[in-house]
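The values are calculated or read from the model by the stated rules, or taken from the named source; none is laboratory data. Note that this is a predicted model, so its numbers are computed, not measured. Every residue, glycine as well, gets a Cβ built from its backbone with ideal geometry; the counts of neighbours run over all protein chains shown.
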Amino acid sequence: MSAISRRDFLKIGAAGAGGVGLSALGFDLAQAYQVKQNLRIAGARESHSVCPYCAVGCSLVAYTNDAGNLLQIEGDPDSPVNEGRLCPKGASAMQLATSANRVEDVLYRAPKATGWTKISWDEALNMLAQRVKDTRDSSFVTTDANGNTVNRTEGMAFAGGAAFSSEEGYFTTKVMRGLGLVHLEQQARV
Amino acid sequence: MTNHWRDLKNADLILINGANPAEAHPVGFQWFMRAKLDRGAKIVHADPRFTRTSAVADKYVRIRVGTDVAYFGGLINYVLQNDRHQVEYVRNFTNAAWLVKDGYGFKDGLFTGYDPAKRTYDTSTWNYDTDPATGYAKTDYTLQDPRSVFQLMKQHYSRYTPDVVESITGIPKDQFLQVAAMVGEMGRPDRVMSIVYAVGLTHHTTGGQLIRSAAQLQLLLGNMGMPGGGMNAERGHANIQGNTDHAISWDILPGYLKIPAPGQKNLDDYVAQSAAKKTHPNSWNFFGINYRKFMVSTLKAWYGDAATKDNEFAFDFVPKPASNASWITIYDQALRGKMQGVILSGMTATSIGPDSNQVLQALSKLKWLVVMDPFPTTSSEFWRAPGLDASQIDTEVFMLPTTHWIEKDGSFVNSGRWVQWKDQVLQPHGSARHDHWVLADLFDRVKKLYQAKGGKFPDPLLALTTKYQDPLKPQLDEIAQEINGFDLTTGKRMATFANLKDDGTTAAGDWIYTGSYPDPSAPTAAGRASANLSRRRDGVRDPAHNDPTGLGFYPNWAWSWPLNRRVMYNRASADLTGQPWDPTRPGIKWNGTTWVGDVPDYPPTMNPADPAAYLPFIMNGEGTGRLFSSSMADGPFAEHYEPIESPIPNPLHPTNSTDPVAFLYDQAAGRPNRFGTVQDFPYVATSYRLTEHEHYVTQHVPLLVGLQPDPFVEIPFELGEHLGIKSGDKVRVRSQRGKLEVLALVTKRLGPVTVGGKKVYQVGIPIHWGFVGIKKGDHWLANALTPFVGDANARTPEFKAFLVNVEKM
C-alpha cells in the first residue's frame, strides 16, 4: 500500500462506490464495497432522519440493531436535497447522537451556590410550576394604563426551539401564549 | 427561501451576499455548482473575505461589511439608467405604476415623517395617492408620472453611481461595473438570477433593508416567482424555518398572523389593523380577505369550546405585548429588573449574545433560569463563567436534560420550506425527556396550582386545549394533525386552507400547514400514516416518474408549504397571457383550461385573458411586487446607512450617518451606550461560522472539535505586518464591550478596502467557542465583542459589523 497515497486510495474507493469494475488495484472494488456495505448494516433496522445541523435538510439513514443501539448514520441517496452527500457535521452526526457529554441528571443550582445539586424530575417540575405561577401572578397585566385588555405575563420569557421538531415548536408557542407570555423568541434573529 | 435548494441548479446567475454557502451550507451548495457546471451559470460573491465560496465564484468582489444596500442600490441604478429591467414584468407585476401622494420625500438621509425624539417615522406620508371614489391607488402605466413609484425609485437610486458605490463599499468601480453588466443581462425574460443570502445580511441595524434592496432588484429584473430565481435565505439551524412558521417569535401567531396589539378590542379591530387592504381592482388580496378565517381557526385550535362567537373566539385570551419583546429585549428587561424567569431550550444566551458580558449581567438579575438541553451550555453554567463570582449570584438555575433530534420523531423544515418527517431512531438517553413533554407536564402542574389555589386571571390557561391521548405526553403525530386542522362538523382533517371558516366550525393550528396532513382515503393505520404528506419519499431513485417537470421539484418528496408549492409567487413566472417568460423553465403555464406545472399560486382555473383576472402577487393588497412599501419602519425604499459602529461617516449623508430608527437599547433604558469610536477601535470586525461547527453544540462532538479545535481571529496580511502579528501568535481583540484572547490567523483572504478616501482593515471572527465543551477557554466568547443594538425593523442584533482593536499578547 505504500505506493498509494491516502488521496489516491480515496479516489479509487470513490470509483468503486460508483460501480466501476476492475480498479487500479487489480480487484473488483465494487464487489468489495458491496460486501463491506452489507457487513456494516447486516441485520440492522433502517430508519429515516434529517440532519440536525444547518437548514439544508439533508436526509439521513440511521441503522440500529436489535438492542436499539445506533450502528451508523449515512446520507440518504434518495433525497432530492442531498442525494446521499453529507458535510463534516452531518457525516459525524452519530457522534452527536452518542456523545459522552450528555447531562445525565436533573440539576438544580440554588442562589449563591457554587455547585449543582441532583434533584428528581418530580421535584424540579413542582418547584418550577410554583415559580412560573408566582412570576405569572406577580407580573400579569390584565388591563394596561390606557384601559386596554392585554392579559399578558411580563416577567417571563421563553427562547429556543431551532432544534425542536416543528410540532414541538407549535406546542411550545401554544403553551407559552397560554401562560400569557409575550417575550417569545428562537434563533431566527440570532 | 422563495425557491428551494435543488432549484438553484436552474439559475443563470447567482448573486451571493452575506453568506458563504460553500462553507456553511456545503451540501446545499452542490446545486450552485450544478448550475455552474451543467448550464454555465455564473456565481458572483460579494464578501469581505475571500472564502471557499469565492474560490469557485466567477467573480469575487471585496465589500465592506454592512454596505450591501449601496451595492444593490448601485445595481438598481445601473439597471434603471440603462433600461435593463424586465419592462413588461415591471409594468404589470410590480407597483411601479402606482402613484405616491404628495408630501412624500427624502432629504439628507431622512424620509418624510421622522420624529427625532422618538426615533420613529410616521409612515403615513409614504402612502399611495388614492382615488376617493374607489379607494384604489391611482396608477400610470406609462410609468412617466413623476409621482409614480417607478420615477421616484429612479430618482432615489440615481445617487448610487459607481463612484459612490466604490466610496461606500470599497468595491473598485471597474469591478462593480463588471458585476453590473452581468446582472443587467438578467432582465431578459429568458434569463434568471437567484439572490442567496444568510445572516451576513440580517445581522445589521439595516438588516431588513439590506434584504429589501436585493428584493427590489429581483423585482426589476423579473426574477421573483421564476424557477432559478427568487430571494433565498439560507437558514442556519435545522428547524428555524418550522419554528418561525409556528411562531416561536414575539411578533407573530402561527402562519405569520400578526400578534394582536393593545387597543384592538375585538376581531374586527384586529383584522382592520393587521390585514392588507386591496389597492387595485384586480388584486385578489388572498391573505387579507382570509385573515379572519385563519385567525379564528387558530383560536379554535388553541381554546376549543371556550372560543365562541359570543366571546370573539376568545380573542381576549391572546396576550398583547406593550412593545417589542424580541431577543435583545428579553435581556434588556432583565437588566432593568423586570424579568424574573427565562426558559431556554437548545440555545445559549451567553454565547449567542450580543454583548455576552451584558447578557451575563442580565442572567445574574433573574430569579430563575431553566435550561432544557441534552448538553451543558454556557447559559446553564453561566454562574461560573470566567470573571463571575457564583457566591454573589442569586439566580436559581434548573438544568433539565432533554432529548436529541434522533430520540424523537416529528418534522424539520428546511430553508426551502420542505417539511421532512423523521423517525424516532433511538430511545431517550438516560433520564432525558422530550422538551414538549417537559412543557406539557409543567403546564399541567401550573394549571393544577391555579385550580387549587386560584390566581391572576387563570381563564386562558384553563381553557387551553390539551385533548391529546395523554395530555402529559402528546404525540407529535397528534400535534401535526392539530396544526393541519379539522372540520369540526365532520371531524375530518382539512385538505386546504381555502376551506377554513371564521364561524368557529374549523380549527387549524397553523393555516399555512393546512393540507400537509389531509384526511386519509382509507381509515387504516397505514392510510393515516400515508396521509401525513411530509413522510413522502418519492425521491431521485426514479427521476422520470418523481420529477415530472425535470426542474427538480420532486412534488411527492416530503411536503412544502403552502399547499406543496415548490416556488412561491409562481404566477409571476408566466406572462400576462399565462405563457412562461422562459419556456425552458416553466413555473406554471395556462393550457387553455387550467394552470399546469408547479402547484399554482393562483386560482387553478382562472383564465388570464379574463379582464377580471387577478394580479400575480396574491398575498398583498397591491397584487403586485412592491418596489415601494410603507410597511418598513425605516423607509419605503432601502437606503444605505452605516453600521452603528463605523470607520467612516456615511458618504451619502454624513449628518444622518446611521439608521435613524435603529434601536439603541442602552440609551432607551437610560444606561450609557456601549459603543466605541474609530479613534479607539480602528478596525472593522465581522463574525462568521465554520463548516466543522454549528454554533456551540458541536463543542460536544469529538471529531468536529478535532477538526477545528481552537478559536482564532483572521487578520489581513498587511495589518499583521503592520502590527507585527504572525499566524499562531496569541492576540487580544477588544471592543468597547469586551475582549477575546485567541490565536491569530494572518491571511490574504482578507485585505484592506478603501472607503470614504480611507484605507480600512476588516478582521474576521468565528463564533464557535466558549467556556463549556471539550475545548474551552476563558476569553473565547466572540460575542463578548458585539454591540447591544437592534435592527430598525426586526431588532436583529448587529453581529456583523462593529469596531475593534487588535494587539499582540
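Cβ-Cβ contacts under 6 Å between residues 6 or more apart (or on different chains), taken from a first residue in the range B:56-73 that is touching a residue at least 24 places away in the same chain (Cβ under 8 Å) and closer than 15 Å to B:THR658 by Cβ to a second residue that is assigned to a strand (DSSP E or B) and not aliphatic (A, V, I, L, M), are listed as B:VAL65/B:THR686. For the structure I just gave you, tell me whether B:SER530 is of a type outside the set (D, E, K, R) and crowded, with 22+ Cβ neighbours inside 10 Å. Judged against the criteria, B:SER530 is not a match. Restricting B:THR496, B:THR465, B:THR506, B:THR514 to residues that are farther than 30 Å from B:ASP373 by Cβ, hydroxyl-bearing (Ser, Thr, Tyr) and surrounded by fewer than 23 Cβ atoms within 10 Å (Cβ to Cβ) narrows the list to B:THR496. Being without any contact (Cβ under 8 Å) to a residue 24 or more places away in the chain and within 7 Å of chain B (Cβ to nearest Cβ) is a property that A:THR143 lacks. Of all residues in the range B:167-198, those being surrounded by fewer than 24 Cβ atoms within 10 Å (Cβ to Cβ) and under 17 Å from the mean Cα position of the chain (by Cα) number 1. The single condition among (1) under 30 Å from B:ALA180 (Cα atoms); (2) surrounded by fewer than 20 Cβ atoms within 10 Å (Cβ to Cβ); (3) of a type in the set (Gly, Ala, Ser) that B:GLY228 does not satisfy is (2).
Looking across the range B:458-514 at every residue that is among the acidic types (Asp, Glu) and away from chain A (no Cβ under 14 Å), the one that is nearest to B:SER534 (Cα to Cα) is identified as B:ASP487.
Take the conditions (1) out of contact with any helix residue (DSSP H, G or I) (no Cβ under 7 Å at 6 or more places or on another chain); (2) without any contact (Cβ under 8 Å) to a residue 12 or more places away in the chain; (3) at negative phi; A:LEU86 misses just one of them, which is (2).
Restricting to the range B:392-420, and then to whatever is closer than 24 Å to B:ALA362 by Cβ and acidic (Asp, Glu), can you tell me which residue is nearest to the other protein chains (Cβ to nearest Cβ)? Per the criteria, the residue is B:ASP394.
Let's see how each residue does on (1) touching a Ser or Thr at 6+ places or on another chain (Cβ under 8 Å); (2) assigned to a strand (DSSP E or B); (3) in contact (Cβ under 8 Å) with a residue 12 or more places away in the chain:
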position: B:ILE715; (1), (2), (3): yes, yes, yes
position: B:LEU719; (1), (2), (3): no, no, yes
position: B:GLY728; (1), (2), (3): no, no, yes
position: B:VAL733; (1), (2), (3): no, yes, yes
position: B:LEU745; (1), (2), (3): yes, yes, yes
position: B:THR754; (1), (2), (3): no, yes, yes
position: B:LYS759; (1), (2), (3): no, yes, no
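Among the residues of the range B:103-150, those identified as on the phi > 0 side of the Ramachandran plot and out of contact with any Pro (no Cβ under 8 Å at 6 or more places or on another chain) are B:GLY103, B:ASP108, B:GLY113, B:GLY135, B:LEU143. When A:ALA129, A:ALA97 are screened for being touching a Lys or Arg at 6+ places or on another chain (Cβ under 7 Å), facing another protein chain (nearest Cβ under 7 Å) and crowded, with 16+ Cβ neighbours inside 10 Å, only A:ALA129 passes.
Annotation: A:ALA162 fulfils all but one of (1) assigned by TED's automatic domain parsing to the domain that holds A:PRO52; (2) modelled with pLDDT under 95; the unmet one is (1). Within the range B:311-350, the set of residues being more than 10 Å from chain A (Cβ to nearest Cβ) and under 24 Å from the mean Cα position of the chain (by Cα) comprises B:ASP332, B:THR350. For the range B:352-377, the set of residues classified as more than 22 Å from B:PHE663 (Cβ to Cβ), more than 9 Å from every other protein chain (Cβ to nearest Cβ) and touching a Phe, Trp or Tyr at 6+ places or on another chain (Cβ under 6 Å) is empty. Would you confirm whether or not the range B:217-232 contains a residue that is assigned to a loop (DSSP other than H, G, I, E, B) and either among the hydroxyl-bearing types (Ser, Thr, Tyr) or within 9 Å of another protein chain (Cβ to nearest Cβ) (or both)? No, there is no match, as no residue in the range B:217-232 is assigned to a loop (DSSP other than H, G, I, E, B) and either among the hydroxyl-bearing types (Ser, Thr, Tyr) or within 9 Å of another protein chain (Cβ to nearest Cβ) (or both). Tell me, please, whether a residue that is part of a loop (DSSP other than H, G, I, E, B) and either over 22 Å from A:ARG152 (Cβ atoms) or touching a residue at least 60 places away in the same chain (Cβ under 8 Å) (or both) can be found in the range B:285-298. Yes; the residues of the range B:285-298 include at least one that is part of a loop (DSSP other than H, G, I, E, B) and either over 22 Å from A:ARG152 (Cβ atoms) or touching a residue at least 60 places away in the same chain (Cβ under 8 Å) (or both). If only residues of the range B:199-216 that are in a helix (DSSP H, G or I) and not small (Gly, Ala, Ser) are counted, the one that is farthest from the chain's Cα centre (by Cα) is B:GLN216.
Suppose the filter is surrounded by fewer than 22 Cβ atoms within 10 Å (Cβ to Cβ) and at the interface with chain A (Cβ under 7 Å from one of its Cβ atoms); does B:ASP389 pass it? Step through it out loud before you land on a result.
Values: surrounded by fewer than 22 Cβ atoms within 10 Å (Cβ to Cβ): yes; at the interface with chain A (Cβ under 7 Å from one of its Cβ atoms): no.
Judged against the criteria, B:ASP389 is not a match.
Restricting attention to the range B:312-328, the residues that are touching a strand residue (DSSP E or B) at 6+ places or on another chain (Cβ under 7 Å) and either part of a helix (DSSP H, G or I) or polar (S, T, N, Q) (or both) total 5. Residue count for the range B:592-620 under the criterion of being among the aliphatic types (A, V, I, L, M) and closer than 19 Å to B:ILE289 by Cβ: the result is 6.
Out of curiosity, is A:LYS112 surrounded by fewer than 22 Cβ atoms within 10 Å (Cβ to Cβ), within 7 Å of chain B (Cβ to nearest Cβ) and basic (Lys, Arg)? Answer is yes for this residue.
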